[in-house]
Amino acid sequence: MSYTAIDDPDVDIITTNRDIKIFIDLRGKGLEVDKLLLRADNLHIYIYDPISNTIIKIVNLPDAIEPLTLTVNQRNDTIALTVKKISY
């Protein structure tokens with residue numbers, strides 16, 4: 001298991017052999033976290049707020065992923081995402 005540092009202090013990324021786990025802290029941002037929309041492509045996760053019609057965050061991933069395996073859990077304005085890496 002390894003930790004990948006990025007420039008955003010609100011985002012933590014933990015990689016394993018098969019998965020990538022992303023923790024996004026949105027406390028204090030004044031957002032309705034349960035209404036946010038998430039999209040993923042092979043190298044990014046996009047967080048969109050339909051209420052304000054803005055993109056809140058784009059997370060650059062360290063490895064290619066399978067976007068359809070994205071799972072989301074939300075607790076106390078923190079979003080926990082898990083996604084499988086593409087296995088070659």
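Results, tabulated for the structure shown:
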quantity	calculated
Count of residues meeting criterion [within 21 Å of SER87 (Cα to Cα) and out of contact with any Lys or Arg (no Cβ under 8 Å at 6 or more places or on another chain)] in the range 18-46	8
Pair list, Cβ under 7 Å, 6 or more apart: the range 47-71 residue touching a residue at least 40 places away in the same chain (Cβ under 8 Å), other residue of a type in the set (Ser, Thr, Tyr) and surrounded by 13 or more Cβ atoms within 10 Å (Cβ to Cβ)	PRO62/THR4; PRO62/THR15; ASP63/THR15
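Here, each number is a calculation from the coordinates, and none is a lab measurement. Quantities reported herein were computed from a predicted structural model and do not represent experimental measurements. A quick note on method: Cβ atoms are made from the backbone with ideal geometry, for glycine too, and the neighbour counts reach across all protein chains shown.
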